[in-house]
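Asks: Input: one structure, supplied below.
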Number of protein chains: 2
Amino acid sequence: MMQTKLLLTVSIILNIVFTIRILYYSSGTWDPTWTNKAAAEAETAASVSCSGHGRAYVDGLGVLDGQEPPCECNNCYTGKDCSVLLKDCPVDANSGDPLFLEPFWMREAESSAVLVSGWHRMSYSYQDKTFLSRELEKVIRKLHIVVGNAVTDNRFVIFGCGSTQLLAAAVHALSLTNSSVSSPARLLTSIPYYAMYKDQAEFFDSEHLKFEGDASAWKQSERNDNMTQVIEIVTSPNNPDGKLKRAVLNGPNVKTIHDHAYYWPYFSAITHPVDEDLSLFSLSKTTGHAGSRFGWGLVKDKAVYEKMNRYIRLTSMGVSKDTQLHVLKLLKVMVSDGGGEIFHFGYGTMKKRWETLNKIFSMSTRFSLQTIKPEYCYYFKKVKDFTPSYAWVKCERPEDTNCYEIFRAAKITGREGNVFGSDERFVRLSLIRSQDDFDHLIAMLKKLVSQEDVPSENFHVI
Amino acid sequence: MMQTKLLLTVSIILNIVFTIRILYYSSGTWDPTWTNKAAAEAETAASVSCSGHGRAYVDGLGVLDGQEPPCECNNCYTGKDCSVLLKDCPVDANSGDPLFLEPFWMREAESSAVLVSGWHRMSYSYQDKTFLSRELEKVIRKLHIVVGNAVTDNRFVIFGCGSTQLLAAAVHALSLTNSSVSSPARLLTSIPYYAMYKDQAEFFDSEHLKFEGDASAWKQSERNDNMTQVIEIVTSPNNPDGKLKRAVLNGPNVKTIHDHAYYWPYFSAITHPVDEDLSLFSLSKTTGHAGSRFGWGLVKDKAVYEKMNRYIRLTSMGVSKDTQLHVLKLLKVMVSDGGGEIFHFGYGTMKKRWETLNKIFSMSTRFSLQTIKPEYCYYFKKVKDFTPSYAWVKCERPEDTNCYEIFRAAKITGREGNVFGSDERFVRLSLIRSQDDFDHLIAMLKKLVSQEDVPSENFHVI
């Protein structure tokens, strides 16, 4: 009898606990309703195993037909779960796909996820009638303060569909500044340069602007008459070679665009906060989200800012509100702890990659890497190793005139030196891609360098 | 004793039920983990009460500082919960903000929500190396089949940051087609026209293109020499007047861009599937998501498609992957039930709005509305009322030379007739905005029309 009573008491207590639990969970702060399905879809995609050599996305092929999102394998991996490594597969070291930061965002899954409702900001503009989220502007200013890489006081902030769009907007705005002058403005930069500058200028083929190439050559040429309107693009750190750069030209006829896409602690020492009239930044090299097509500019002059704004309005009516929401979330994570986490993670990855790379190239006499002396970084508060995004490789042997082809024959696809206005003796290798791509690159480089002792076939023939 | 035993049995059964319930819920198909926070944030924002006269968004002002997303009130409403109607507040009937579809997406909250992970498609391109989601392309083709408004066979599909970007891309691509011809191509359209055509052409001020205005005037002018390269933009249904249009010009020197942004069953009878060389569509007028900046084009000619693609690549490197994901989800909802739901909802709203509007204007002799005969709609399989997005209002009194100002004095902000290349005697009133804006517009219109019997002040003076 005592036993039965005890059992009953325990059982009733358990029932009370269960009931409280149910009541608590269903009347708590949040009982998921309409977000359930979207969350479940995202978790399902995230849980698809791709052997660590691929990813499944919620918008993968076949999802419309109700299929599970399939694995999208990294380069050189194949199979349903990306477990098969292809033999003799050429390594892709071409584009600057910033996948080296992907593991960070996977780790920050919870804080970086965002749920977009079906009725999220359907209007053309925000409540203040602009195309620009004020919260996003705020977090961008905060990020620059945290990193100490740019002065944002007395600057207008402008958003674009990638810094690509902002670059076109800036060049357009500055080329219009003196519409009374009949001869076109000249677009100049320093060799080696990011090909987009030339490609845009030549494609738009405006009567107001001509691409002229190297700024130093222009400075020394007769055509430098201090009258012709000139726009110089200063890329610092430079793409492809990672060097910190200063403007070559100055004078009342010179306007300068500072492309600071790579001025983040992953790639460069932060030597000072830049304080320019017009500087551009890219989300791609800030958080690693190249696919989101988001960039921003800091603009001092109101007239230039308004011309750029008009360009953005007439070419896309601003940037997608979905994207602005996503970017806000990502940058919020970056600034939440003083940016420490992601910069330590990203720099750590780059440092390791450069150590591996330097070791290989130190064994080579055939190939050389760009060098820069380490500088004091005010962000990390120490002298920082040189860890740029790309290896700018020179083929040193006289007969290796086309470096890109030498690497291509060794199954390494880089980017040709002449794309950057430079010599074919150079090739750019991207170091910011996925770990798989980097590991693969290293394996192929080792093989290539190890063959240096063996006389080349050409040598045999001679 | 029997009672105690019975109680014990019941209690134990309850215990078992509770235990099963807990086991079931925690080992079920899905136990939310990393998506929890994002989902909770979205639900919190959605649950903020704004008295039905505003909305709170997850990226509202102050959220960075940990505040709850604030209400963003509809025009003329104010207060913390948007419950206060401002007195003498001018109604906004200017822009084509397609908020009339917002209630549909709120109803479809579950099926239209999407959760974007922090590592969603960070790469520049999709796996097939393009900037274009194949699933999204598939659902766009399906949508056109479901609605029957466009032939997509043998067409390339191209995406842009709004049809705005595609329009610039198309004009650019077509103006380049004959680079050997020295005189610039002429851009023509029909009055009244969407101002963006003129604004873009004049802003880019290309040596390859000049905006020339009315196509009919050109056709009859001496300059129509059948040699000069001509690009005609045909907007059908037309913005601002909603009329179905055909090309005015033809000949080997004529290229045509068909802007079909408004060719959806909300606004127009679907009389046939359009089957053109180059047609453009806009998400803004398809789902109502103007803020997402997404448009697409259907292009027959490969060379034109490639030129447009190059334009998109050099101005933005494609469209944000976050946006493409969101659009995929929205269009999936649209096609899931043959598009019936949203088109019935949207057309129903427009029909009701036009009935109200027609009633008011039928009492006026001072103002007249555009008229078009109802046509058979192959989508709804019946003759459909004329329900265009905008009222194209004419001021009939001789002294009312500036119609925009007449309405502005009556606290109704429309868009000036001369913006559309037309007479100042016309004003465009947007009918696709939020229900609050429409209700407010109706109230003000009633007041304006009811004053017609009273002689105007001008009349008094004379």
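The values are calculated or read from the model by the stated rules, or taken from the named source; none is laboratory data. Quick caveat: nothing in here was measured; it's all calculated off a predicted structure. So basically every Cβ, Gly included, is an ideal-geometry build from the backbone, and we count neighbours across all protein chains shown. Quick note on the areas: whole protein, heavy atoms, side chains included, nothing else; ligands and nucleic acids left out. Shrake-Rupley method; radii C 1.70, N 1.55, O 1.52, S 1.80 Å.
Asks: Quick one: which of A:Glu212, A:Glu202, A:Glu207 is touching an Asp or Glu at 6+ places or on another chain (Cβ under 7 Å) and free of Cβ contacts under 8 Å to residues at least 40 places away in the same chain? Let's see the steps before the verdict.
Replies: On the way: A:Glu212 fails: touching an Asp or Glu at 6+ places or on another chain (Cβ under 7 Å); A:Glu202 fails: touching an Asp or Glu at 6+ places or on another chain (Cβ under 7 Å).
Being touching an Asp or Glu at 6+ places or on another chain (Cβ under 7 Å) and free of Cβ contacts under 8 Å to residues at least 40 places away in the same chain holds for just one of A:Glu212, A:Glu202, A:Glu207, which is A:Glu207.
Asks: Just one of B:Ser47, B:Ser27, B:Ser51 is surrounded by 14 or more Cβ atoms within 10 Å (Cβ to Cβ) and either modelled with pLDDT of 75 or more or not assigned by TED's automatic domain parsing to the domain that holds B:Ile412 (or both); which is it? If you could, list the steps in order and put the result at the bottom.
Replies: Numbers: B:Ser47 fails: surrounded by 14 or more Cβ atoms within 10 Å (Cβ to Cβ); B:Ser27 fails: surrounded by 14 or more Cβ atoms within 10 Å (Cβ to Cβ).
Unique residue meeting the criteria: B:Ser51.
Asks: Condition first: within 8 Å of chain B (Cβ to nearest Cβ), over 24 Å from A:Phe345 (Cβ atoms) and assigned to a loop (DSSP other than H, G, I, E, B). Now tell me which residues in region A:66-117 satisfy that.
Replies: Residue satisfying the conditions is A:Ser117 alone.
Asks: Checking the conditions here, which among B:Tyr311, B:Tyr347 is under 19 Å from the mean Cα position of the chain (by Cα) and either of a type in the set (Ser, Thr, Tyr) or closer than 24 Å to B:Phe438 by Cβ (or both)?
Replies: Working: B:Tyr311 fails: under 19 Å from the mean Cα position of the chain (by Cα).
So the residue among B:Tyr311, B:Tyr347 that is under 19 Å from the mean Cα position of the chain (by Cα) and either of a type in the set (Ser, Thr, Tyr) or closer than 24 Å to B:Phe438 by Cβ (or both) is B:Tyr347.
Asks: Residues in region A:299-311 that are in contact with a helix residue (DSSP H, G or I) (Cβ under 6 Å, 6 or more places away or on another chain) and either under 24 Å from B:Leu167 (Cα atoms) or outside any helix (DSSP H, G or I) (or both): how many? Let's see the steps before the verdict.
Replies: First pass over region A:299-311, keeping only residues in contact with a helix residue (DSSP H, G or I) (Cβ under 6 Å, 6 or more places away or on another chain): A:299, A:304, A:307-308, A:311.
From what is left, the residues that are either under 24 Å from B:Leu167 (Cα atoms) or outside any helix (DSSP H, G or I) (or both) are A:299, A:307-308, A:311.
Adding up the residues that qualify gives 4.
Asks: Within region B:284-298, restricting attention to residues that are of a type in the set (Ser, Thr, Tyr) and part of a helix (DSSP H, G or I), which residue is nearest to the chain's Cα centre (by Cα)?
Replies: Within region B:284-298, the subset of a type in the set (Ser, Thr, Tyr) is B:284, B:286-287, B:292.
Right, trim to part of a helix (DSSP H, G or I) and you get B:284, B:286, B:292.
Values: B:Ser284: 2, B:Thr286: 6, B:Ser292: 10 Å.
By that ranking, first place goes to B:Ser284.
Asks: Starting from residues that are β-branched (Val, Ile, Thr) and open to solvent by 10 Å² or more (accessible area, probe 1.4 Å), keep the ones in region B:374-410 and report whichever is farthest from B:Phe267 (Cα to Cα). Before you say what the answer is, go through the steps one by one.
Replies: Keep residues of region B:374-410 that are β-branched (Val, Ile, Thr), which gives B:383, B:387, B:393, B:401, B:406.
Still in the list and also open to solvent by 10 Å² or more (accessible area, probe 1.4 Å): B:383, B:401, B:406.
On the way: B:Val383: 13, B:Thr401: 29, B:Ile406: 27 Å.
Within region B:374-410, the match that is farthest from B:Phe267 (Cα to Cα) is B:Thr401.
Asks: Now a separate question. What are the residues in region A:360-386 that are at pLDDT below 95 and in contact with a Cys (Cβ under 8 Å, 6 or more places away or on another chain), if any?
Replies: A:Lys384
Asks: Just a yes or no: is a residue in region B:119-126 under 19 Å from the mean Cα position of the chain (by Cα) and either touching a residue at least 40 places away in the same chain (Cβ under 8 Å) or open to solvent by 20 Å² or more (accessible area, probe 1.4 Å) (or both)?
Replies: Of all residues in region B:119-126, those under 19 Å from the mean Cα position of the chain (by Cα) come to none.
So far as region B:119-126 goes, no, none of its residues is under 19 Å from the mean Cα position of the chain (by Cα) and either touching a residue at least 40 places away in the same chain (Cβ under 8 Å) or open to solvent by 20 Å² or more (accessible area, probe 1.4 Å) (or both).
Asks: Out of all the residues in region B:286-310, which are open to solvent by 10 Å² or more (accessible area, probe 1.4 Å) and within 14 Å of chain A (Cβ to nearest Cβ)?
Replies: Within region B:286-310, the subset open to solvent by 10 Å² or more (accessible area, probe 1.4 Å) is B:293, B:300-307, B:309-310.
Passing the criteria: B:Arg293, B:Glu306, B:Lys307, B:Asn309, B:Arg310.
Asks: Limited to region A:13-24, what total is found for residues that are open to solvent by 70 Å² or more (accessible area, probe 1.4 Å) and modelled with pLDDT of 65 or more? Even if it seems obvious, please write down each step before you answer.
Replies: Within region A:13-24, the subset open to solvent by 70 Å² or more (accessible area, probe 1.4 Å) is A:13-14, A:16-17, A:20-21, A:23-24.
From the residues that got through so far, the ones that are modelled with pLDDT of 65 or more too are A:13-14, A:16-17.
Counting residues in region A:13-24 that are open to solvent by 70 Å² or more (accessible area, probe 1.4 Å) and modelled with pLDDT of 65 or more gives 4.
Asks: Under 6 Å between Cβ atoms, at least 6 apart or on separate chains: pull out the pairs that start in region B:228-249 with a residue that is farther than 16 Å from B:Pro273 by Cα and end on any residue that is assigned to a strand (DSSP E or B) and among the small types (Gly, Ala, Ser).
Replies: B:Gln229/B:Ala185; B:Ile231/B:Ala185
Asks: So, in region A:340-355, of the ones that are crowded, with 20+ Cβ neighbours inside 10 Å and not aromatic (Phe, Trp, Tyr), which residue ends up nearest to the other protein chains (Cβ to nearest Cβ)?
Replies: Top of the filtered list is A:Ile342.
Asks: Quick check on region B:131-152: of everything there that is outside any helix (DSSP H, G or I) and open to solvent by 40 Å² or more (accessible area, probe 1.4 Å), which residue is nearest to the other protein chains (Cβ to nearest Cβ)? Spell out the reasoning first.
Replies: At the first step, the residues of region B:131-152 found to be outside any helix (DSSP H, G or I) are B:131-133, B:148-152.
From what is left, the residues that are open to solvent by 40 Å² or more (accessible area, probe 1.4 Å) are B:131, B:151.
On the way: B:Phe131: 9, B:Val151: 21 Å.
Ranking the candidates gives B:Phe131 first.
Asks: Another one. Scan region B:191-205 residue by residue and report those that are away from chain A (no Cβ under 11 Å) and open to solvent by 20 Å² or more (accessible area, probe 1.4 Å).
Replies: B:Ile191, B:Tyr194
Asks: Kindly evaluate A:Arg425 against the criterion of being in contact with a Cys (Cβ under 8 Å, 6 or more places away or on another chain), open to solvent by 40 Å² or more (accessible area, probe 1.4 Å) and at negative phi. Walk me through it before giving the result.
Replies: Values: in contact with a Cys (Cβ under 8 Å, 6 or more places away or on another chain): yes; open to solvent by 40 Å² or more (accessible area, probe 1.4 Å): yes; at negative phi: yes.
Taking the combined requirement at face value, the residue satisfies it.
Asks: Within region A:175-188, is there a residue that is under 25 Å from the mean Cα position of the chain (by Cα) and within 24 Å of A:Tyr305 (Cα to Cα)?
Replies: If we filter region A:175-188 for residues that are under 25 Å from the mean Cα position of the chain (by Cα), which is where we start, we get A:187-188.
Restricting the remaining residues to those that are within 24 Å of A:Tyr305 (Cα to Cα) gives A:187-188.
Yes, region A:175-188 contains at least one residue that is under 25 Å from the mean Cα position of the chain (by Cα) and within 24 Å of A:Tyr305 (Cα to Cα).
Asks: Next up: Return the residues of region B:411-422 that are farther than 21 Å from B:Leu188 by Cα and surrounded by 23 or more Cβ atoms within 10 Å (Cβ to Cβ); say none if nothing qualifies.
Replies: Residues of region B:411-422 farther than 21 Å from B:Leu188 by Cα: B:411-415.
Listed by number, the residues that qualify are B:Ile412, B:Gly414.
Asks: Can I ask one more? Please specify each residue of region B:206-243 satisfying the condition of being at positive phi, surrounded by fewer than 20 Cβ atoms within 10 Å (Cβ to Cβ) and under 25 Å from the mean Cα position of the chain (by Cα). Full working, then the answer.
Replies: We begin by selecting, within region B:206-243, every residue at positive phi; these are B:213, B:226, B:242.
Next cut, surrounded by fewer than 20 Cβ atoms within 10 Å (Cβ to Cβ) only: B:213, B:226.
The answer is B:Gly213, and nothing else.
Asks: Sticking with this one: Would you check which residues across region A:93-118 are open to solvent by less than 40 Å² (accessible area, probe 1.4 Å), of a type outside the set (Phe, Trp, Tyr) and within 30 Å of A:Gly414 (Cα to Cα) and list them?
Replies: Pass one, region A:93-118, residues open to solvent by less than 40 Å² (accessible area, probe 1.4 Å): A:93, A:95-102, A:104-105, A:109, A:111-118.
Now restrict to residues that are of a type outside the set (Phe, Trp, Tyr): A:93, A:95-99, A:101-102, A:109, A:111-118.
Within region A:93-118, A:Ala93, A:Ser95, A:Gly96, A:Asp97, A:Pro98, A:Leu99, A:Leu101, A:Glu102 qualify.
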